[in-house]
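K.L.:
Sharing a structure, written as structure tokens. Questions coming.
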Amino acid sequence: MSTLPTDPSLLRPVRLRLPATSANLGPGFDALGLAMGLYLTIDASVADSGAFCIDATGRNAEACSVIENNLIFTTYVDVLANAGKLSPRLHLKMHNEIPLGMGCGSSAAALVAGVLLANHFGQLNWSPQQILEEACRREGHPDNVAACFHGGMTVSAMHDGQVKTATYRDNLNWSLLLALPSSSLSTSKARAMLPLHYTRADAVANIQATALLVSAFALHRGDLLAAAMQDRIHQPYRMEACPLLARLLPLSGTSGVLGAALSGAGPSVLLVVDSPASLPAVEAAVRQAAQDDEPQILQTSIAGGVEVIPSNSTVIS
């Protein structure tokens with residue numbers, strides 16, 4: 001029988017701060033993700049009205065404020081239903097900085113938020129690993145979710161039904177630049193562009209590049225990124241739907257740009273920049289290379305993972 005949580009103290013308001021993420025990073029298809037300093041911040045409390053409600057500000061505020069089929073709420077309700085608990089209706093005050101439909105991990109952030117809210121207001125007492133695995137199961141692949149949860153550059157893999165991760169976030173002082181085209185691209189459409197089979201040569205090239213890329217982050221070897229972010233598994237097949245990619249990839253390895261790749265499934269392009277001082281020159285080079293596309297450009301940095309801040313408490317993560 002479904003029941004409401006019985007301990008009122010566990011229905012205290014809670015704040016969540018979840019970073020955007022860029023998955024794949026070139027060759028690390030469905031395995032690598034990078035947390036970025038663009039955040040979805042949610043202040044959640046039990047709704048006085050007895051109905052779900054959202055006050056949204058920031059990027060795509062109108063879309064974020066829609067209640068029907070809201071991924072945060074549907075995840076929250078479903079997690080608690082599966083746990084045999086009713087879901088207290090919530091009031092969310094939300095500020096969003098994550099571009100929607102741009103390959104920046106907005107759905108992963110929403111899924112992680114939904115699971116965290118269920119854990120908090122449903123007093124599930126799940127471990128961090130349980131929370132991570134529930135969100136990964138719902139996303140279908142762990143790359144964005146694991147990076148959102150742990151921060152930094154996170155490697156993730158499914159093994160015997162469990163999510164295994166390794167995170168690199170110390171001394172990663174590189175800057176990031178995101179180039180966003182005017183139109184979005186759904187992940188399902190982007191995945192439909194990929195072939196069912198690859199040549200051995202393409203598979204080997206990506207294995208080599210991925211190993212080099214992980215080493216570059218682990219050793220802080222920016223000089224390796226131009227070669228390490230080369231991909232033959234997904235980027236060539238998404239080039240037509242992501243025209244910025246073809247125009248910006250040649251910047252990789254040029255002055256200030258350590259590497260470049262499609263952000264997630266696209267259509268945004270991520271550039272790793274050697275230092276904040278190089279960002280103005282790199283932005284100018286991006287605008288020149290983009291020609292008539294006139295992308296929106298966001299300057300950001302590598303970020304830590306999710307923060308959960310209960311009322312009158314210190315940060316836990």
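The values are calculated or read from the model by the stated rules, or taken from the named source; none is laboratory data. Worth saying up front: this structure is predicted, and the values here are computed from it rather than measured. Glycine also receives a Cβ, built like all others from the backbone with ideal geometry; neighbour counts cover every protein chain displayed.
K.L.:
Identify, from the list Glu240, Glu283, the residue that is outside any helix (DSSP H, G or I) and surrounded by fewer than 21 Cβ atoms within 10 Å (Cβ to Cβ).
P.N.:
Every option except Glu240 fails the conditions.
K.L.:
Separate question: Identify, from the list Ser263, Ser317, Ser313, Ser278, the residue that is surrounded by fewer than 20 Cβ atoms within 10 Å (Cβ to Cβ), modelled with pLDDT of 95 or more and not hydrophobic (A, V, I, L, M, F, W, C).
P.N.:
Ser278
K.L.:
Another one. Looking at (1) under 28 Å from Asp30 (Cβ atoms); (2) modelled with pLDDT of 95 or more; (3) not acidic (Asp, Glu), which is the one condition that is false for Ala241?
P.N.:
Failing condition for Ala241: (2).
K.L.:
Right, here's the next one. From the set of residues in segment 105-128 that are within 18 Å of Asn69 (Cβ to Cβ) and either without any contact (Cβ under 8 Å) to a residue 60 or more places away in the chain or of a type in the set (Lys, Arg) (or both), which is surrounded by the most Cβ atoms within 10 Å (Cβ to Cβ)?
P.N.:
Val115
K.L.:
Restricting to segment 129-165, what's the tally of residues that are surrounded by fewer than 22 Cβ atoms within 10 Å (Cβ to Cβ), over 19 Å from Ser263 (Cβ atoms) and touching a residue at least 40 places away in the same chain (Cβ under 8 Å)?
P.N.:
Summing the residues that are surrounded by fewer than 22 Cβ atoms within 10 Å (Cβ to Cβ), over 19 Å from Ser263 (Cβ atoms) and touching a residue at least 40 places away in the same chain (Cβ under 8 Å) in segment 129-165 gives 2.
K.L.:
Could you pull out the residue among Ser186, Ser182 that is over 15 Å from the mean Cα position of the chain (by Cα), at pLDDT below 95, surrounded by fewer than 16 Cβ atoms within 10 Å (Cβ to Cβ) and among the polar types (S, T, N, Q)?
P.N.:
Ser182
K.L.:
Name the residue that is nearest to Ser107 (Cα to Cα), counting only residues in segment 185-204 that are in contact (Cβ under 8 Å) with a residue 40 or more places away in the chain and either assigned to a helix (DSSP H, G or I) or touching a strand residue (DSSP E or B) at 6+ places or on another chain (Cβ under 8 Å) (or both).
P.N.:
The extreme case among them is Thr187.
K.L.:
Among the candidates Met94, Met102, which residue alone is touching a residue at least 24 places away in the same chain (Cβ under 8 Å), in a loop (DSSP other than H, G, I, E, B) and under 19 Å from the mean Cα position of the chain (by Cα)?
P.N.:
Met102
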